[in-house]
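Taking it in order: structure first as structure tokens, then the write-up.
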Number of protein chains: 2
Amino acid sequence: MKQAILQMLIENQGEYVSGEQISKTLHVTRTAIWKQIKNLKQEGYEIDSSPRLGYRLLSRPDILKPEEIKIGLATEILGRELYVFEQVNSTNDLAKKKAAEGASHGTVVVADQQLSGRGRLGRPWASPPGTGLWFSVVLRPPLKPFLAPQLIFVSAVAVCHAIRDYTGLPVTIKWPNDILFSGKKVCGILTELSAEIDIINYVVIGIGINVNQEMADFPPELQEKAISLAVAGNTKYNRVGLLKAILKELEKEYEIYLTEGFPAVLKHWRSLTSTLGQEVMVSSTDETFTGVAEDINGEGCLLVRTEDGNVRSVMVGDVSLRGKEGHYL
Amino acid sequence: MKQAILQMLIENQGEYVSGEQISKTLHVTRTAIWKQIKNLKQEGYEIDSSPRLGYRLLSRPDILKPEEIKIGLATEILGRELYVFEQVNSTNDLAKKKAAEGASHGTVVVADQQLSGRGRLGRPWASPPGTGLWFSVVLRPPLKPFLAPQLIFVSAVAVCHAIRDYTGLPVTIKWPNDILFSGKKVCGILTELSAEIDIINYVVIGIGINVNQEMADFPPELQEKAISLAVAGNTKYNRVGLLKAILKELEKEYEIYLTEGFPAVLKHWRSLTSTLGQEVMVSSTDETFTGVAEDINGEGCLLVRTEDGNVRSVMVGDVSLRGKEGHYL
């Protein structure tokens, strides 16, 4: 019943809903309503009560709850199977476990805090509670495994679009799938694959976004490289709202990918990247070299022109952009 | 102590080892030895006892036990981390779980029976107790994920070699990695991959071999397509011995792959296949066509010349060979 009352208040957010109206619609007593309003207030919802006018929702807390995520979620598939936790070791690990147990295409695992969040190559990813958005999406794409890397472009485009729409901040994509604001990282994406040799069992896309951290929340060694959306925009953002915006964009871009193909995604990617034209340093397990990122090819490989004039195609590796101070970030 | 006594008997299999000798070597009483011999007999070891000459091991039971597998295992890495079960749902699923929890490169999971053994594409794989060899190997190859399919050729070569050496039967490889005797399947291999986009977390190679089944043990619908080594060779084979032979060959072929590269493996593969030169039917999710399997290319794709004279490269799909009666098996 609490959920139903909340839904009515949300649908009329900013306006009064009378106790009588709620009572009639939900067939509950005025006292029962009053009790649930009290519960909602305790959860952090700001609700104005007027004996004459009824109840008016003023603000919703930025808490990750299934109900908050499901209300107004404009997707057909993504997030319809949903797991929300206060604390997990890693949303990707949990999503992989759920997927191995049969979780459906589009399943989403969200946590307020990750105790051992990971970035690429097992690197730690700081995931403190209350400030960031840490979640993973299970996809079961009808693709051959060797095409799975194309999904990192799909997710980068979707996340970049969604952050731009939701915050108005001019974030960009760094090849292949980091999201930057003013050269600093606001979001990392870790894509993992489980496959037989010729079919994909599932793909898990883990998305970590620095939403409301203060600069002081970042460890010193990250302050030059990382930033939160809140610092970038000088305002706090609602994580649940951003999550829903991303899920919607991801569902949309994934659909475009399946129907129109990879070129359509690469076209979107090009329009959102800040990597092309930049001086970059490429590091792989074998070597490190510098050059100018000229373009990407049809497979998404970064084409880097080195000093000797040759163009090298980079399929995997870390790419650093040359910062304003002349060193690579 | 039982293990130590067994080891002494095995090292002298067929010859008597005196109670005095065992007693001196292991520092145990004659009565203690007698008790352990009794236990070993109960486990199925045939041991001849002579009051004057001592104990003589006549035969070892074909039971899957860690001790039996470890004695005489001629590998450096494969099987050194070893899990043996009477019954599991699927050795591949369990091996994936162990790998996700950190099991080392070379870990082996063996079961006497699989309750829900799987072949490719989730197809059921009959895995009754006592007769077959059902096991999975965890590898952590230093490869890019897109190269993982090459491991199916590595494992096919190793298994085919090992079965030939161990049984003397002229088994062959059907593209890409089934093992056939006289056109019927004696072994299937299911390779699964867990990866980030640019590094492999682990590969699990599941190997299922029909060793000692009678023809009547196979479900009717499989009797035209499947056969056991025992039926093929008209004798029973020791599953533990075969397992050790395969692990040794797999370790060897994997080493060749890493040091000499994929061409060396393909060369071995070509020498063991019965697919080339055959009329085949290729089935994929999209279509079915027939032709003659002419060759494989450097990536391991099957090259099939169709009736119109064109050559088609098959990367994935089911391939059936045209049987003696003219239909495809």
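The values are calculated or read from the model by the stated rules, or taken from the named source; none is laboratory data. What you see is a predicted model, and the numbers here were worked out from it, not measured in a lab. Glycine gets a Cβ as well: all are built from the backbone with ideal geometry, and neighbour counts include every protein chain shown.
Overview of results
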read-out	value
Selection count where residues are surrounded by fewer than 21 Cβ atoms within 10 Å (Cβ to Cβ) and modelled with pLDDT of 95 or more, scope segment A:215-228	0
Total residues in segment A:60-81, condition more than 13 Å from A:Val240 (Cα to Cα) and either modelled with pLDDT under 90 or in contact with a strand residue (DSSP E or B) (Cβ under 8 Å, 6 or more places away or on another chain) (or both)	2
Residue ID - surrounded by the most Cβ atoms within 10 Å (Cβ to Cβ), chosen from residues in segment B:52-80 that are among the aliphatic types (A, V, I, L, M) and not in a loop (DSSP other than H, G, I, E, B)	B:Leu57
Condition met for A:Glu249 (surrounded by fewer than 20 Cβ atoms within 10 Å (Cβ to Cβ), more than 14 Å from chain B (Cβ to nearest Cβ) and of a type in the set (D, E, K, R))	no
Failed item, numbered, when A:Asp62 is tested on (1) under 30 Å from B:Glu192 (Cα atoms); (2) of a type in the set (D, E, K, R); (3) touching a helix residue (DSSP H, G or I) at 6+ places or on another chain (Cβ under 8 Å)	(1)
Test for B:Glu307: is it within 14 Å of chain A (Cβ to nearest Cβ) and either aliphatic (A, V, I, L, M) or surrounded by fewer than 16 Cβ atoms within 10 Å (Cβ to Cβ) (or both)	no
Among residues of segment A:131-164, those that are within 11 Å of chain B (Cβ to nearest Cβ) and part of a loop (DSSP other than H, G, I, E, B), counted	4
So B:Thr91, is it assigned by TED's automatic domain parsing to the domain that holds B:Leu250, of a type in the set (Ser, Thr, Tyr) and in contact with a Phe, Trp or Tyr (Cβ under 7 Å, 6 or more places away or on another chain)	yes
A:Gly323 away from chain B (no Cβ under 14 Å), over 24 Å from A:Val154 (Cβ atoms) and surrounded by 18 or more Cβ atoms within 10 Å (Cβ to Cβ)	no
Total residues in segment B:165-175, condition outside any strand (DSSP E or B) and in contact with a Leu (Cβ under 8 Å, 6 or more places away or on another chain)	5
Subset of segment B:120-143 [in contact with a Lys or Arg (Cβ under 7 Å, 6 or more places away or on another chain) and over 20 Å from B:Ile69 (Cα atoms)]	B:Pro124, B:Trp125
Filter result (within 12 Å of another protein chain (Cβ to nearest Cβ) and of a type in the set (Ser, Thr, Tyr)) within segment A:73-123	A:Ser90
Verdict on B:Val316 being closer than 25 Å to B:Glu221 by Cβ and not in a strand (DSSP E or B)	yes
Hey, A:Leu139 more than 13 Å from the chain's Cα centre (by Cα) and modelled with pLDDT of 95 or more or not	yes
Failed item in (1) touching a residue at least 40 places away in the same chain (Cβ under 8 Å); (2) within 30 Å of A:Val138 (Cβ to Cβ); (3) polar (S, T, N, Q), with A:Thr259 passing the rest	(1)
Condition check for A:Ala99: surrounded by 14 or more Cβ atoms within 10 Å (Cβ to Cβ), aliphatic (A, V, I, L, M) and either under 15 Å from the mean Cα position of the chain (by Cα) or part of a loop (DSSP other than H, G, I, E, B) (or both)	no
Given (1) buried (at least 16 other Cβ atoms within 10 Å of the Cβ); (2) outside the structural domain of B:Thr172 (by TED's automatic domain parsing), index of the condition B:Phe262 fails	(2)
Conditions (1) farther than 30 Å from A:Asp318 by Cβ; (2) in contact (Cβ under 8 Å) with a residue 60 or more places away in the chain; (3) within 14 Å of chain A (Cβ to nearest Cβ): number failed by B:Asn212	(3)
Criterion (at negative phi and in the same structural domain as B:Gly117 (by TED's automatic domain parsing)) met by exactly one of B:Glu224, B:Glu307, B:Glu299, B:Glu294	B:Glu224
Selection within segment B:1-51 - assigned to a loop (DSSP other than H, G, I, E, B), of a type outside the set (S, T, N, Q) and at pLDDT 90 or above	B:Glu15, B:His27, B:Val28, B:Tyr45
Residues (out of contact with any strand residue (DSSP E or B) (no Cβ under 8 Å at 6 or more places or on another chain) and surrounded by fewer than 20 Cβ atoms within 10 Å (Cβ to Cβ)) located in segment B:161-197	B:Arg164, B:Asp165, B:Tyr166, B:Gly168, B:Ser182
Enumeration of residues in segment B:94-106 that are touching a Phe, Trp or Tyr at 6+ places or on another chain (Cβ under 9 Å) and modelled with pLDDT of 95 or more	B:Leu94, B:Ala95, B:Lys96, B:Lys98, B:Ala99, B:Ala103, B:His105
Of all residues in segment A:102-121 being on the phi > 0 side of the Ramachandran plot and assigned to a loop (DSSP other than H, G, I, E, B), the one that is surrounded by the fewest Cβ atoms within 10 Å (Cβ to Cβ)	A:Gly102
Wholly within segment B:211-309, helices (runs of 4 or more DSSP H) carrying at least 1 residues that are under 19 Å from the mean Cα position of the chain (by Cα) and aromatic (Phe, Trp, Tyr)	B:239-260, B:262-272
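Residue-wise test of (1) within 13 Å of chain A (Cβ to nearest Cβ); (2) on the phi > 0 side of the Ramachandran plot; (3) within 14 Å of the chain's Cα centre (by Cα).
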position: B:Lys174; (1), (2), (3): no, no, no
position: B:Lys185; (1), (2), (3): no, no, yes
position: B:Ala195; (1), (2), (3): yes, no, no
position: B:Ile199; (1), (2), (3): yes, no, no
